[in-house]
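Here is the structure we will look at.
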Amino acid sequence: MTLRYRALQCLALLFVAFALSQLWYLGQVLRLQHHNPQGSAYMERAKAQGQVQQYWRDYDQISDYLKRSVLISEDAQFTSHSGFDWQGIRYALQRNLEAGKPVAGGSTITQQLAKNLYLSGKRSYVRKVQEALIAMMLEMGLSKRRILELYLNVAQWGHQIYGAEAAARHYFQVSAADLSMVQAAQLAAMLPRPNYYDFKGPTDYVQQRAQWIQEQMAIVRIPDPGNLPLPPASDPEHRQGTSQ
């Protein structure tokens, strides 16, 4: 058996393994059309450190203020892109090249969902490629409403705290449906570093970021992925809960 033949055989086996892994991911994504996930890769790893707090809530059981706050904070182009924010990716690549290693991801909500559900938090180009492939599957197989619903239920919001309902209970002692504009903005401001802000409390950065998010809600109307009308942020009759 020649060296060339062995190399081709190895490449063929690698291709088959890769194809099978992608079919598995595709099957998992298609299942999400009608079934809620029992957890996520992040939650499974967190269970080694103790009990995980997570309570599933349907899309209509989550405050519209939180939906809007998360879109403003994490992915303002969510309703118009196909899973990737190319401007954000270019910015992340520039930062990574300057640092000489992966330090920024430029991830959309769809990419974050792919990572949270199935991958690790370790920064690497291999993980980013797999994240991108799963993100494409999510965008092709699910509606924007479903993607946002999934994200709001599996996103990490602190130590052992996952999903909007657990976060609302932990920080404000209310349900996810009753979050006010101020509370929702504070939760959205925590998303980049939830464990840090859970430990440190409401830092000046979180407060300033939350204030900026509220200002954006008042002057910029972000379409709701579920094609449902969102109450104007300035209308007191539609406020959900009380400010803290």
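Starting with the fewest neighbours, write out His34, His81 ranked by other beta-carbon atoms found within 10 Å of each beta-carbon. Can you show the working numbers first?
Values: His34 7, His81 18.
Ordered by Cβ neighbours within 10 Å, fewest first: His34, His81.
So how do Trp157, Trp86 line up by other beta-carbon neighbours within 10 Å, fewest first?
On the way: Trp157 26, Trp86 10.
The fewest-first ordering by Cβ neighbours comes to Trp86, Trp157.
So, in nm, how far is label Phe15 from label Arg45 when the simple model puts each one 7 Å beyond its Cα toward the Cβ?
So the two model labels end up 3.2 nm from each other.
Output the direction-averaged projected area (hull surface divided by four) of the convex hull of the alpha-carbon atoms of the stretch 1-82, in nm². Can you show the working numbers first?
Numbers: hull surface 40.0 nm².
Convex hull of Cα atoms, orientation-averaged projection: 10.0 nm².
Within the set Lys67/Lys122; Lys67/Lys144; Lys115/Lys144; Lys47/Lys67, which residue pairs have Cα atoms separated by over 21 Å? Don't jump to the answer; show the numbers that get you there.
On the way: Lys67/Lys122 27 Å; Lys67/Lys144 12 Å; Lys115/Lys144 17 Å; Lys47/Lys67 27 Å.
From Lys67/Lys122; Lys67/Lys144; Lys115/Lys144; Lys47/Lys67, over 21 Å: Lys67/Lys122; Lys47/Lys67.
By counting other Cβ atoms within 10 Å of each Cβ, how are Met43, Met190 ranked from fewest to most? Don't skip to the end; give the middle numbers.
Details: Met43 20, Met190 26.
Ranked by crowding around the Cβ, least crowded first: Met43, Met190.
Just so you know, all these numbers are worked out from the coordinates, no wet-lab data involved. If you're wondering where the values come from, they're calculated on a predicted model, not measured in any experiment. Heads up, the Cβs are rebuilt from the backbone with ideal geometry, glycines too, and the neighbour counts pull from every protein chain shown.
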